[in-house]
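Heads up, the thing below is written out as structure tokens.
The values are calculated or read from the model by the stated rules, or taken from the named source; none is laboratory data. The structure presented is a predicted model; accordingly, all values stated were derived computationally and were not measured. Here the Cβ positions follow ideal geometry from the backbone for every residue, glycine too, while neighbour counts run over all protein chains shown. The protein model used for the area step is the full one, side chains on, heavy atoms only, and it has no ligands, DNA or RNA in it. Shrake-Rupley method; radii C 1.70, N 1.55, O 1.52, S 1.80 Å.
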Amino acid sequence: MKSITLILKGVFMGIADLVPGVSGGTIALILGIYDEFIFSLSKLSFSSLKKLKNEGITVFWSEINGNFLLKLFSGILIGVSFFTYLIDWLINNYPIPLWTFFIGILLSSTGFIYKKIKLPNVKLLLYLFLGILISFVITQINPSSENKSISGLYLFFSSLIAISAMILPGISGAYILILFGTYSEVISTIKGGINIILQQDYTNVYSVLFKTSIIGFGIICGILIFSKFFKWLLIKFYDKTLVFLIGLMLGGLNKIWPWQENGENLLPFNYSGEKYLLASLIFFILGTLFVFGVQFIEKRKYNDKKENK
């Protein structure tokens, strides 16, 4: 049961990573696995590979918390593979209810994350405002136009930067890809890989495999570099880091405001298109209930562990 739960958490992270404006790191933080996620990723290094060579697979697997990472990344892979078409379709056809769902998640989760702070104090407000400012500035950058011809090096670099955002709550890795102009290329590559596996369509197999290997290498390098930095922050500046992450989440809310026209946020009643007010309210409530449901489950697990001790 624990394994299934962890895989499902990975699925939610994978789905979130597909959405411009929402981060898989945010979902990991909400689901209570962010610390273990970052600490486990940080164990992946050349020194751990030396242990694999010198001490065998068992020692290496234990060193990197392999069971945890395998289950979580299996879930992420399932989420990305099975929901790429659905998320792409929702973004293009029903973005307003989708954005309100994630706004419900983000707003309700800030209180949940705040409870994890060990020593709340006024000085932490500085880091909150800093996080809001940085996230807001990033979302104001005009995205690059999608390039028809993207070099392998450029795709690698954008993937490397995007994965850092995907494991960092508040900043969306998908949005970083949009800023670099490679979001469509990455989504197209994922779809191509799915077509090869499910439909056995080998039309562009070499192109898909080449791009997949570049994206994958960028992701691996990004994880190796940034996970250690995030681990260091959590060890040295735990409360400040959490408050800063809350700021990042709040500062990015303007990017996923549902009612937008020509890049401008509008009140629902000033929006000229279909407003989806009832659907948006329902999805906002569902997003909020999702977070409270996760909190309830995690609290029950914690209480059960205490009773078993």
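Only one of L77, L86, L49 is open to solvent by 80 Å² or more (accessible area, probe 1.4 Å) and modelled with pLDDT under 85; which?
After ruling out the rest, the residue left standing is L49.
Residue-wise test of (1) modelled with pLDDT of 75 or more; (2) among the basic types (K, R); (3) crowded, with 24+ Cβ neighbours inside 10 Å.
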site: V137; (1), (2), (3): yes, no, no
site: S144; (1), (2), (3): no, no, no
site: S159; (1), (2), (3): yes, no, yes
site: S164; (1), (2), (3): yes, no, no
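Is it the case, given these coordinates, that S172 is surrounded by fewer than 21 Cβ atoms within 10 Å (Cβ to Cβ) and at pLDDT below 85?
no
Being open to solvent by less than 30 Å² (accessible area, probe 1.4 Å) and under 17 Å from the mean Cα position of the chain (by Cα) is the filter here; which residues of region 199-220 pass it?
Of everything in region 199-220, those that are open to solvent by less than 30 Å² (accessible area, probe 1.4 Å) and under 17 Å from the mean Cα position of the chain (by Cα) turn out to be I215, G216, G218.
Quick one: S227 ticks every box in (1) at pLDDT 80 or above; (2) under 18 Å from I132 (Cα atoms); (3) surrounded by 17 or more Cβ atoms within 10 Å (Cβ to Cβ) except a single one, so which number is it?
With (1) at pLDDT 80 or above; (2) under 18 Å from I132 (Cα atoms); (3) surrounded by 17 or more Cβ atoms within 10 Å (Cβ to Cβ) applied to S227, the lone miss is (2).
How many of the residues in region 52-74 are at positive phi and modelled with pLDDT under 85?
So the count comes out to 1.
Across region 253-309, what is the total count of residues that are in a helix (DSSP H, G or I), modelled with pLDDT under 75 and over 27 Å from the mean Cα position of the chain (by Cα)?
Of the residues in that region, 6 qualify.
Which ones in region 23-46 are at pLDDT 75 or above, assigned to a loop (DSSP other than H, G, I, E, B) and under 13 Å from the mean Cα position of the chain (by Cα)?
Those that are at pLDDT 75 or above, assigned to a loop (DSSP other than H, G, I, E, B) and under 13 Å from the mean Cα position of the chain (by Cα): L31, I33.
Output the residues belonging to region 243-267 that are touching a residue at least 40 places away in the same chain (Cβ under 8 Å) and in contact with a Phe, Trp or Tyr (Cβ under 8 Å, 6 or more places away or on another chain).
V243, F244, I246, G247, G251, G252, N254, K255, I256, W257, P258, W259
A quick yes/no check of all residues on (1) open to solvent by 70 Å² or more (accessible area, probe 1.4 Å); (2) in a helix (DSSP H, G or I):
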site: P97; (1), (2): no, yes
site: S109; (1), (2): no, yes
site: P120; (1), (2): yes, no
site: L126; (1), (2): yes, yes
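Restrict the check to region 182-198 and report whether at least one residue is part of a loop (DSSP other than H, G, I, E, B), of a type outside the set (F, W, Y) and open to solvent by 60 Å² or more (accessible area, probe 1.4 Å).
No.
Determine whether G10 is among the small types (G, A, S), modelled with pLDDT of 85 or more, surrounded by 22 or more Cβ atoms within 10 Å (Cβ to Cβ) and not in a loop (DSSP other than H, G, I, E, B).
In short, yes.
Restricting to region 74-120, name every residue that is polar (S, T, N, Q) and over 23 Å from M249 (Cβ atoms).
Correct list: S74, S81, T84, N92, N93.
Is region 230-243 home to any residue that is part of a loop (DSSP other than H, G, I, E, B), surrounded by fewer than 16 Cβ atoms within 10 Å (Cβ to Cβ) and modelled with pLDDT of 85 or more?
Yes, because at least one residue in region 230-243 is part of a loop (DSSP other than H, G, I, E, B), surrounded by fewer than 16 Cβ atoms within 10 Å (Cβ to Cβ) and modelled with pLDDT of 85 or more.
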